[in-house]
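Contents: one structure, followed by commentary.
The values are calculated or read from the model by the stated rules, or taken from the named source; none is laboratory data. Keep in mind the model is a prediction, meaning the values are calculated, not measured. Positions of Cβ are generated from backbone atoms using ideal geometry, with glycine treated the same way; all protein chains shown enter the neighbour counts.
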Amino acid sequence: MKKTFLIVIFILMLFMLGACNQPDEPSIEGSWYTTGTVIGLDYNTIDVYLNFMDNSQGNITNKHPDNKEDVFIFEYTVDGNNLIITSSEGEKLDADLHVYPFKIEGNTLKIEAFNQTHEYTRSEQGGN
């Protein structure tokens, strides 16, 4: 009886260890980078850093070739594979209108927005 009980406990411990070692889903938090074209500006390309902080705040930093920077601050939540922007520059947004599906593949973040896929690479540098 004791031997059976010990075997059952041992098997349960193996299951618990296996559950603890499951890989975590990649997190959107951190800094992401891309080089993009901005319509309406006098630049062909600018560097764009997208920063997600763990307090549900983030910013987008556009770095121009002439060392000018534009920084836009936003608040967000993540619901499954949806990025929801809840405010921009302190102004509350209709969350239903600002839902952007995303996925992370390795070091690449792909966000579906404005009928396009926007790709960012994980960056250690950050935008600010």
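Pairs, please: C-beta under 9 Å, at least 6 apart or cross-chain, first residue on the phi > 0 side of the Ramachandran plot and in the stretch 53-64, second surrounded by fewer than 13 Cβ atoms within 10 Å (Cβ to Cβ)?
From the stretch 53-64, the pairs are Ser56/Thr77.
Return only the number of the condition from (1) more than 17 Å from the chain's Cα centre (by Cα); (2) aromatic (Phe, Trp, Tyr); (3) closer than 15 Å to Thr34 by Cα that Tyr120 does not satisfy.
(1)
Of the residues in the stretch 82-128, how many are touching a residue at least 12 places away in the same chain (Cβ under 8 Å) and on the phi > 0 side of the Ramachandran plot?
Total meeting the criteria: 3.
Just give me the residues in the stretch 16-44 being modelled with pLDDT of 75 or more and part of a loop (DSSP other than H, G, I, E, B), in sequence order.
In the first step, residues of the stretch 16-44 are kept if they are modelled with pLDDT of 75 or more; the result is 26-36.
Answer for the stretch 16-44, where residues must be modelled with pLDDT of 75 or more and part of a loop (DSSP other than H, G, I, E, B): Pro26, Ser27, Ile28, Glu29.
With the condition kept exactly as written, say whether any residue in the stretch 68-83 is surrounded by 13 or more Cβ atoms within 10 Å (Cβ to Cβ), among the aliphatic types (A, V, I, L, M) and farther than 19 Å from Ser31 by Cβ.
The answer is no; no qualifying residue exists.
Which of the residues belonging to the stretch 84-128 are among the aromatic types (Phe, Trp, Tyr) and surrounded by 13 or more Cβ atoms within 10 Å (Cβ to Cβ)? Working first, answer last.
Of all residues in the stretch 84-128, those among the aromatic types (Phe, Trp, Tyr) come to 100, 102, 114, 120.
Listed by number, the residues that qualify are Tyr100, Phe102, Tyr120.
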